[in-house]
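Asks: Shown below is the structure under consideration.
The values are calculated or read from the model by the stated rules, or taken from the named source; none is laboratory data. Not measured: the values here are computed from a predicted model. Here Cβ is always computed from backbone atoms with ideal geometry, including for glycine, and neighbour counts include all displayed protein chains. Heavy atoms of the whole protein, side chains included, go into the accessibility calculation; ligands, DNA and RNA do not. Shrake-Rupley method; radii C 1.70, N 1.55, O 1.52, S 1.80 Å.
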Amino acid sequence: MMMIGDSAPMAELARFIALVAPTNSTVLIEGESGTGKELVAQSLHRQSRRSGRRLVAVNCAALPENLLESELFGYESGAFTGAVRAKKGKFELATGGTLFLDEIGELGLPLQAKLLRALQERAVDRIGGVEPIAVDVRVSAATNRDLKTAVTAGEFREDLYYRLKVLTVRTPPLRERRKDILALAWHFASKHGRELGRAVQGISSRAESILTEYDWPGNVRQLENVIERAIVLGASDVLLPGDLPEDLFDEAPRSPDRDMGTYHEVLHRTKRRLFETAFHRADGDYNEAAALLGLHPKCIHRLLKNLQLTHLLK
């Protein structure tokens with residue numbers, strides 16, 4: 001998948017990739033979960049002089065330490081029980097290309113030491129091996145942890161941290177690139193519409209507002225899951241508010257980097273007035289009130305509870 005969006009943060013990210021991709025320097029990609037750090041690694045490789053060779057990705061959080069060591073560095077025949085033949089590790093497999101180490105912050109300290117040596121010496125030692133094996137690999141790594149804090153806590157080696165942090169880039173969270181939300185939503189609607197055999201012709205204006213106003217704590221990954229769910233559960237060729245999960249109708253979570261208190265207070269009062277007016281005009285009929293509000297009736301009970309307006313149902 002390609003990176004999607006023309007917001008200012010994404011334009012800056014694209015400029016960074018274009019500038020550093022042709023080099024062999026190590027890149028540390030920082031950012032929250034679901035922001036597309038692996039896509040950045042793929043773009044770095046695709047625009048590099050190594051694009052004709054392999055991009056090998058390793059999730060450092062997916063395997064136990066002992067298995068991860070053999071995955072990264074390989075082993076010789078007879079190195080341990082079950083090692084009936086020698087096996088190349090990911091460093092060797094990526095020779096000439098790029099090795100992407102995802103979730104690098106989850107590495108244990110013993111393996112961090114061996115990784116540091118491989119990066120410094122440009123050579124690896126297979127488990128059970130005698131001679132180091134030279135490797136020509138460009139390394140990119142990603143983390144959603146604050147590695148500087150991990151260094152202070154003694155959980156991450158300082159020398160490895162600075163070895164990885166030759167060049168650093170941050171993937172912006174979706175709440176900082178709201179301009180891209182609808183473009184991403186359309187992309188995912190087309191993608192999952194094809195896969196699920198449902199042609200999506202549009203997104204209602206109210207659904208668009210809900211998508212763009214939400215803070216997306218799970219970022220792009222969460223947005224994709226929401227759109228896929230909407231396509232599975234929706235019935236028309238337009239995505240409607242009723243196709244979206246109930247979580248999106250709750251008060252948007254406050255971002256730590258911005259104070260939205262006044263906004264949410266005004267929004268809460270405005271929602272209450274809208275519901276009170278709709279129920280008054282509908283003479284208490286929640287189906288008619290839902291139609292007036294442009295909401296699916298199944299959402300009404302929960303929203304009334306959140307707004308402390310359950311008395312309107314009596």
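Asks: So Ile104 ticks every box in (1) crowded, with 19+ Cβ neighbours inside 10 Å; (2) closer than 23 Å to Lys191 by Cβ but one. Which box is left unticked?
Replies: (2)
Asks: Which of (1) farther than 19 Å from Leu116 by Cα; (2) in contact with a Leu (Cβ under 9 Å, 6 or more places away or on another chain) is the odd one out, the single condition Thr81 does not satisfy?
Replies: (2)
Asks: Oh, and also: Restricting attention to segment 119-147, which residues are open to solvent by less than 10 Å² (accessible area, probe 1.4 Å) and out of contact with any helix residue (DSSP H, G or I) (no Cβ under 6 Å at 6 or more places or on another chain)?
Replies: Arg138, Val139
Asks: Select, from Ser25, Ser43, Ser77, the only residue that is small (Gly, Ala, Ser) and open to solvent by 50 Å² or more (accessible area, probe 1.4 Å).
Replies: On inspection, the qualifying residue turns out to be Ser77.
Asks: Among (1) of a type outside the set (Ser, Thr, Tyr); (2) outside any loop (DSSP other than H, G, I, E, B); (3) at pLDDT below 90, there is one condition Asn225 misses while meeting the rest; what is its number?
Replies: With respect to (1) of a type outside the set (Ser, Thr, Tyr); (2) outside any loop (DSSP other than H, G, I, E, B); (3) at pLDDT below 90, Asn225 is out only on (3).
Asks: Give me the pairs, please: first residue somewhere in segment 27-41 and over 18 Å from Val139 (Cβ atoms), second residue anywhere and among the hydrophobic types (A, V, I, L, M, F, W, C) and surrounded by fewer than 24 Cβ atoms within 10 Å (Cβ to Cβ), beta-carbon distance under 7 Å, and either six or more positions apart or on two chains.
Replies: Gly36/Met3
Asks: State whether the residues of segment 168-175 include one that is modelled with pLDDT under 95 and surrounded by 15 or more Cβ atoms within 10 Å (Cβ to Cβ).
Replies: yes
Asks: If you don't mind, another one. Exactly one of these conditions fails for Asn66: (1) part of a helix (DSSP H, G or I); (2) in contact with a Pro (Cβ under 6 Å, 6 or more places away or on another chain); (3) of a type outside the set (Gly, Ala, Ser). Give me its number.
Replies: Here Asn66 clears every test but (2).
Asks: Which one is modelled with the lowest pLDDT, of the residues in segment 266-282 that are part of a helix (DSSP H, G or I) and closer than 14 Å to Gly294 by Cβ?
Replies: Among those residues, the one meeting the criterion is Lys271.
Asks: Okay, moving on. Based on this model, can you work out whether Leu233 counts as closer than 20 Å to Ile29 by Cα, open to solvent by 30 Å² or more (accessible area, probe 1.4 Å) and of a type in the set (A, V, I, L, M)?
Replies: Against the criterion (closer than 20 Å to Ile29 by Cα, open to solvent by 30 Å² or more (accessible area, probe 1.4 Å) and of a type in the set (A, V, I, L, M)), Leu233 does not qualify.
Asks: Since Ala61 meets every condition but one in (1) of a type in the set (A, V, I, L, M, F, W, C); (2) free of Cβ contacts under 8 Å to residues at least 24 places away in the same chain; (3) assigned to a loop (DSSP other than H, G, I, E, B), which condition does it not meet?
Replies: Of the numbered conditions (1) of a type in the set (A, V, I, L, M, F, W, C); (2) free of Cβ contacts under 8 Å to residues at least 24 places away in the same chain; (3) assigned to a loop (DSSP other than H, G, I, E, B), the odd one out for Ala61 is (2).
Asks: Which pairs have Cβ atoms under 6 Å, sit 6 or more apart or on different chains, and link a residue in segment 191-214 that is open to solvent by 90 Å² or more (accessible area, probe 1.4 Å) and at pLDDT below 90 to one that is of a type outside the set (Asp, Glu) and in a helix (DSSP H, G or I)?
Replies: Taking only residues 6 or more apart or on different chains, the pairs are Arg206/Pro241.
Asks: Please pick out the residue among Arg49, Arg15, Arg85 that is open to solvent by 40 Å² or more (accessible area, probe 1.4 Å), assigned to a helix (DSSP H, G or I), of a type outside the set (Gly, Ala, Ser) and over 19 Å from Lys165 (Cβ atoms).
Replies: Going through Arg49, Arg15, Arg85 in turn, the sole match is Arg15.
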